[in-house]
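I have placed the structure first, in the form of structure tokens, so that the comments after it can refer back to it.
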Amino acid sequence: MNVRDRLPSGHGDRALIAGVVCILVGALFALTPLRVQLPSAFYVFVEVGILFVIYGMLVLGLDLQYGHTGLVNFGHVVFFAVGAYATAMLSAQDSFAGIALAYPWPLGLVAGVIAAAILGAAVSLTSIRLRGDFLAIVTLATAEIFHSLFVNFEDIFGGNVGILGVPRPIAAVVSDGDTRLAATLLVLGGITLLTLAAVTRLTDAPYGRVLRAIRADELVTRSVGKSTITYKTQSFVYGAALAGLAGGLFALYNGAVAPGFFTIQVTVTVWIGMLLGGAANHRAVLAGLAIIMGLRLISRFALDVTPVSSDVFASMRLIVVGLILVAVIRYRPAGIWGDPQELGVDQ
Amino acid sequence: MSLLAAEGLVKEFGGLRAIDQLSVSIEEGELVGVMGPNGAGKSTFFNCVSGVIPPDDGTVTLEGTDVTSDSPESLAHRGLVRTFQDTRELETMTVRDNVRLAAPDQPGERTLPALLRSSSMREREETVRKRADELIEMFDLDHLADEYSSNLSGGQRKLLELARTLMLDPDVLLLDEPFAGVNPTLTREIADHIRNLNADGMTVVIIEHELETLTELVDRLIVLQQGRLLVEGEPEVVLEDERVIEAYLGGDSK
């Protein structure tokens, strides 16, 4: 039996300290003449690592919604995209197409978080009172609607090209490529660790107990005096805001946003990562995401040594990922590190 | 003035009137039993009173305040708490967490105190944990405290539900079939708990089929039939009533 008696003390603060340290070291690289040199074989790892820590914020938010509160969000990418677009449009210096307002980037980032949170609030307002499956459909539909808005409203969102000329704060202060990559990974990784610390604090506190109670039985939770609508809305909005933060940071790292970065593939990846690792366990969902993204990375190398075309290889990769998922669901339905009793699945 | 009063309650499901112009009043400190054949509207009555289902017509007042169609959570804040006929545990949570959850006024259930680990949250949690452990011990669940409640037996679930309810320190307790599926020893134990709570001043209303336990427990019996009040009064008198024997016991006086 696995019992986590969540005492609201200590636990989760390691992530807080590690996060602060990462950001400070990253800042050290960025602001001093200190330089790092990465072996060139390392680049791809660092680049995927940066994407991983950004997606890490997505999966932590999704897990707050689904793992802890039981809210099914099949359109998580839309909050990521809205955060990224809002940040990009506000802070871009000049874009090929679409709006570029050239405000300072911190303003853009804050606006990105707020925009995603507002969209989250709007979505939950329409469907959180309804049965769970409605939320799933509404989120999926919202993601599709926004995707086509981004593609079709060229004057606003830049169409398929997207918004270019987004400031890159770290690149602006570090000219050296290797150091820039390392600093970016450290700063963004640090922010993900801070996110981990924050969600851990939330879910370890009595706040998390109410969320898990809603996941188990909403009526019982109401009958012991908890306003479940408020908690469900909050949980959904917090998850959306985290995705918005991830989006804003992505825009500021990448220097551009385009619809191609925000496909349903993103939602699928974070969902698979969460289920693979084990929902309702913050570190497990991050580990699950690392596995799925790691597989993708390894397969890149494998492509060089396999005698098949890249098309065939891409299909094979999908088959392998699918098989792994089937195996996990068959043998560990609660995920690799998930607790089947807590998630209410039979082994 | 009654503590809890229902006036002319009506609830229809499709074409069926589950309760029909039902008026019931409960006085403070009373221990009242509600009985009636299946489909008499007992659970619907509880659902309407506890805010789970809004009634189509009629009013519910609690301590003189109109609480008709108030949400279950706001009624819980006002001191009216219920249990469910099919015990509803939070199965994916431990026994401890089931009980602790119900604690009112925990600042740690708000975002900021939770994020900041405020001292008010930690102090309240200390009290909550102590009280929860007391209740768990009181209901002989201490050896199961760290089990997921899905692992509990039917009777233990009834006890857990009671413990969780008491965490709220309610003024009015509505119990929906607390003895259903419970063995005789445990039935007596639960009955004793209910009697003690009532002696301490809690108003209790019980729906129950287990007539023997019910009649020796309660001060007053209310009999429902087809959504209406058939008879009410002292248990001995009610059970002798012709109409009750006819309707409830099918003419077969035990």
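The values are calculated or read from the model by the stated rules, or taken from the named source; none is laboratory data. Not measured: the values here are computed from a predicted model. No Cβ is skipped: glycine too gets one built from the backbone with ideal geometry, and neighbour counts run over all protein chains shown. All accessible areas refer to the heavy atoms of the entire protein, side chains included, with ligands and DNA or RNA removed. Shrake-Rupley method; radii C 1.70, N 1.55, O 1.52, S 1.80 Å.
Taking the stated definitions as given, is A:Leu194 aliphatic (A, V, I, L, M) and under 17 Å from the mean Cα position of the chain (by Cα)? So A:Leu194 fits the description; yes. Within the range B:192-206, one or more residues are open to solvent by less than 40 Å² (accessible area, probe 1.4 Å) and more than 25 Å from B:Leu22 (Cβ to Cβ). Only one of the numbered conditions (1) in a helix (DSSP H, G or I); (2) within 29 Å of A:Leu193 (Cα to Cα) is violated by A:Gly70, and that is (1). If I filter the range B:120-132 down to residues being aliphatic (A, V, I, L, M) and in contact (Cβ under 8 Å) with a residue 24 or more places away in the chain, which single residue comes out as nearest to the other protein chains (Cβ to nearest Cβ)? The extreme case among them is B:Val128. When A:Ile298, A:Ile264 are checked against the criterion of being free of Cβ contacts under 8 Å to residues at least 12 places away in the same chain and either acidic (Asp, Glu) or open to solvent by 70 Å² or more (accessible area, probe 1.4 Å) (or both), A:Ile298 stands alone in meeting it.
Restricting B:Arg117, B:Arg88, B:Arg164 to residues that are facing chain A (nearest Cβ under 8 Å) and at positive phi narrows the list to B:Arg117.
Residues checked against (1) assigned to a helix (DSSP H, G or I); (2) within 12 Å of another protein chain (Cβ to nearest Cβ); (3) closer than 19 Å to B:Ser118 by Cα; (4) open to solvent by 10 Å² or more (accessible area, probe 1.4 Å):
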| site | (1), (2), (3), (4) |
| --- | --- |
| A:Leu196 | yes, no, yes, yes |
| A:Thr203 | yes, yes, yes, no |
| A:Tyr207 | yes, yes, yes, no |
| A:Val210 | yes, yes, yes, no |
| A:Ala213 | yes, yes, no, no |
| A:Leu219 | yes, yes, no, yes |
| A:Thr230 | yes, yes, no, yes |
| A:Val237 | yes, yes, no, yes |
| A:Ala241 | yes, yes, no, yes |
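Can you find a residue that is out of contact with any Leu (no Cβ under 6 Å at 6 or more places or on another chain) and not aliphatic (A, V, I, L, M) anywhere in the range A:21-29? Checked the range A:21-29: at least one residue is out of contact with any Leu (no Cβ under 6 Å at 6 or more places or on another chain) and not aliphatic (A, V, I, L, M). A count restricted to the range A:116-134 and to residues that are in contact (Cβ under 8 Å) with a residue 60 or more places away in the chain and open to solvent by 30 Å² or more (accessible area, probe 1.4 Å) stands at 5. Selection within the range B:103-114: residues that are under 22 Å from the mean Cα position of the chain (by Cα) and open to solvent by less than 50 Å² (accessible area, probe 1.4 Å). The member of this set that is nearest to the other protein chains (Cβ to nearest Cβ) is B:Pro104. For the range B:207-245, a residue qualifies if it is closer than 22 Å to B:Ser23 by Cβ, surrounded by fewer than 19 Cβ atoms within 10 Å (Cβ to Cβ), touching a helix residue (DSSP H, G or I) at 6+ places or on another chain (Cβ under 9 Å) and of a type in the set (D, E, K, R), and the qualifying residues are B:Asp219, B:Arg220, B:Glu232. Is it true that B:Glu161 is acidic (Asp, Glu), at pLDDT 90 or above and open to solvent by less than 20 Å² (accessible area, probe 1.4 Å)? Yes, satisfied.
Checked against (1) touching a Ser or Thr at 6+ places or on another chain (Cβ under 7 Å); (2) within 17 Å of A:Leu193 (Cα to Cα); (3) of a type outside the set (Ser, Thr, Tyr), A:Asp63 passes all but condition (1). Every condition in (1) buried (at least 18 other Cβ atoms within 10 Å of the Cβ); (2) in a helix (DSSP H, G or I) is met by A:Ile319 except one, and the failing one is (1).
Among the numbered criteria (1) open to solvent by less than 50 Å² (accessible area, probe 1.4 Å); (2) within 22 Å of A:Gly247 (Cα to Cα); (3) modelled with pLDDT under 95; (4) away from chain B (no Cβ under 14 Å), which single criterion is violated by A:Ala15? In the conditions (1) open to solvent by less than 50 Å² (accessible area, probe 1.4 Å); (2) within 22 Å of A:Gly247 (Cα to Cα); (3) modelled with pLDDT under 95; (4) away from chain B (no Cβ under 14 Å), A:Ala15 misses (4) alone. On the stretch given as the range A:78-111, residues that are touching a Phe, Trp or Tyr at 6+ places or on another chain (Cβ under 6 Å), within 18 Å of A:Gln265 (Cα to Cα) and open to solvent by 10 Å² or more (accessible area, probe 1.4 Å) total 0.
Here A:Val166, A:Val161 are screened, and the one residue that is open to solvent by less than 40 Å² (accessible area, probe 1.4 Å) and in a loop (DSSP other than H, G, I, E, B) is A:Val166.
Every residue in the range B:91-102 that is open to solvent by less than 30 Å² (accessible area, probe 1.4 Å), within 8 Å of chain A (Cβ to nearest Cβ), of a type outside the set (S, T, N, Q) and touching a residue at least 40 places away in the same chain (Cβ under 8 Å), please. If the condition is that a residue be open to solvent by less than 30 Å² (accessible area, probe 1.4 Å), within 8 Å of chain A (Cβ to nearest Cβ), of a type outside the set (S, T, N, Q) and touching a residue at least 40 places away in the same chain (Cβ under 8 Å), then B:Met93, B:Arg100, B:Leu101, B:Ala102 are the ones that fit. The set of residues in the range B:12-69 being surrounded by 18 or more Cβ atoms within 10 Å (Cβ to Cβ), of a type in the set (Gly, Ala, Ser), on the phi < 0 side of the Ramachandran plot and not in a helix (DSSP H, G or I) consists of B:Ala18, B:Gly33, B:Ala40, B:Ser50.
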